[in-house]
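Working notes, beginning with the structure itself.
The values are calculated or read from the model by the stated rules, or taken from the named source; none is laboratory data. Since we're looking at a predicted model, the values are computed, not measured. Note that each Cβ is placed from the backbone with ideal geometry, even for glycine, and that neighbours are counted across all protein chains shown. Accessible surface is based on the protein model in full, side chains and every heavy atom, while ligands, DNA and RNA are left aside. Shrake-Rupley method; radii C 1.70, N 1.55, O 1.52, S 1.80 Å.
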Amino acid sequence: MFVLDSHCDTPSHLLRLRDLSQDNIQGHVDFPKLKRGGVDGAFFALYTSASLSVEDSNALANKMLAAVLSSVESNSDIAAIATSPSEALSNKEQGLFSVMIGMENGNPIGDSLAELESFFNRGVRYMTLCHSGNNLICDSCATKEKRWHGVSPFGREVISRMNELGMMIDVSHISDEAFWDVLKYSKKPVVATHSCCRALADHPRNLTDQMIKALVERGGQVQINFYPPFLSSDFARSAEYQNLSEVSDNLEQDFKKDPSNICYRNAYYESLNQIHRLSRPSYTRIIDHIDHVVSLVGVDNVGLGSDFDGIDCTPEGLDDISFYPLIFDELSRRGYSNTDIEKIAGKNFLTFWDKVIR
């Protein structure tokens, strides 16, 4: 069984001085935790904030990419880059963890297809078209005002070029109008690398039943996010969580500016600990969302995209990536066969990825 997480925001933490070879007290992902969790590969997402300019986004994405490549090289006895399903499977045979690379937010490419190709040529294998703000490619689900009411003219060029390159298109974070445009213009299947079901948690980041069905009808893939506000509407609306999350966001900005500052580091980590002490939805809620997708479209197009290292809290019982086996135990308890669990664990995503690169 190949266990794959399609979305971890670990690269930004490399810039905050995290050593992936160590079992870090804070943080969701490092090589010791991945080994304990039986995870064979994960996509490390190069996340850039929607508040950054194109130039700053590009510089930051390149800095994170260099940090990922350097970290893998420094741990070559443990990990290796994978740019295709076959490379990922080969790495597993050699006892190596596969680091795959995604880009979260297309802002770093600006209006340049050459920049898109440059990131692809250096190993980036999917791009989340936008994040929490509209960009030159499409509109975000998070903004009240929409710039393009879907995908921009340049966004259509991006979709076409990604299809030609065999680069996966990620529809997480994009607006509903942009989602339908992507399905209209893409000639290849697309993926939601870290999204949940709106029927179970009414959040604009989540997918409606109609979206899930349309995505899968076109050969696409839904990867379930672990973030409690996307798993549970009640938790997302909790005033206590919202207040603590806002405080944590502000402290994180200080920490990002000066990650070597112990005071900033400790203040930020304590804010995360306070959120962690809240009553959060159980990790079994992840399986509820998987169940919902399966009820709509079957078991062949759903998987796991945790959003670890990009979220300020995790579900109860699933503190980091080392707890992955609990998910498979719960799937088994609910009657999923070993074959089904193997598909959800990673086989579905590898099959989808292979279709895109053909």
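Observations, loosely collected:
- Comparing 323, 351, 250 along the charge dipole axis of the range 228-358, the residue lying farthest to the positive side is 351, per the Cβ-charge model.
- The length gained by stretching the chain between residue 26 and residue 262 to full extension, at 0.36 nm per residue less their Cα-Cα distance, is 83.6 nm.
- With 0.36 nm allotted per residue and the present C-alpha distance subtracted, the residue 122-residue 209 stretch has 27.8 nm of extension available.
- A 1.4 Å probe run over the chain, with the rest of the protein chains in place, finds 39 Å² accessible per residue.
- Proximal charge balance of residue 221 [Cβ under 14 Å; K/R count +1, D/E count -1]: +2
- For residue 247 and residue 53, the FRET efficiency from 1/(1 + (r/R0)^6), where r spans their Cβ atoms and R0 equals 25 Å, is about 0.40.
- Rounded to the nearest 20, the size of the Cβ-charge dipole of the range 56-111 about its Cα centre is 80 debye, with Lys and Arg at +1 and Asp and Glu at -1.
- For residue 302, the residues whose amide H sits under 5 Å from its own are 222, ignoring neighbours fewer than 5 places away on the same chain, with H placed 1.01 Å from N.
- Within the shell defined by Cβ-Cβ distances under 14 Å, the residues around residue 146 carry a net charge of -3, with Lys and Arg each +1 and Asp and Glu each -1.
- Debye, to nearest 20: dipole size of the chain, +1 on Lys, Arg Cβ, -1 on Asp, Glu Cβ: 600
- Positive-end extreme of charge dipole, the range 1-117 - chosen from 81, 91, 34 (charges on Cβ): 34
- Here the label points at residue 1 and residue 239, each 7 Å from Cα along the C-beta direction, are separated by 4.3 nm in the simple model.
- Overall form of the range 189-344 per C-alpha gyration tensor (a/c, 1.5; a/b vs b/c): prolate
- Label-to-label distance for residue 76 and residue 19 is 2.0 nm, based on points extended 7 Å past Cα in the beta-carbon direction.
- For residue 207, nonlocal amide neighbours, meaning residues 5 or more places apart or on other chains whose placed amide H falls under 5 Å from its own, are 196, 197, 198.
- Charge sum, other residues only, whose C-beta stays under 15 Å from residue 209's C-beta, Lys/Arg counted +1 and Asp/Glu -1: -3
- With Rh defined as the Kirkwood radius, the inverse of the mean 1/r over Cα pairs, the Rg/Rh of the range 99-236 is 0.95.
- Kyte-Doolittle mean at least -1.0, axial Cα span of 24 Å or more - DSSP H helices of the chain: 54-74
- Sparse-neighbour loop sites [GluC sites (Glu not before Pro); the range 291-350; at most 12 other C-beta within 10 Å; DSSP]: none
- The simple spin-label model puts a point 7 Å past each Cα toward its Cβ; for residue 316 and residue 157 those points are separated by 5.2 nm.
- For the range 1-59: rounded, prolate or oblate by the Cα gyration tensor [a/c cutoff 1.5]: oblate
- Of all accessible heavy-atom area on the chain, the percent that carbon and sulfur account for (1.4 Å): 47
- Residue-span extension gain [residue 279 to residue 337] - 0.36 nm each, minus C-alpha spacing: 17.8 nm
- Those residues of the range 214-242 whose amide nitrogen sits under 18 Å from the label point placed on residue 355, 7 Å along Cα→Cβ: 214-224
- For the chain, built as a Gaussian network whose Cα springs stay under 10 Å, the top-fluctuating residue of 38, 95, 335: 335
- FRET efficiency for the pair residue 87 and residue 217, taken as 1/(1 + (r/R0)^6) with r the Cβ-Cβ distance and R0 = 25 Å, rounds to 0.30.
- Normalised per residue, the volume of the convex hull around the Cα set of the chain (Å³): 120
- CD proxy at 222 nm, helix term only [per DSSP H run n ≥ 4: -39500 (n - 2.57); per residue of the chain; nearest 500]: -13500 deg cm²/dmol
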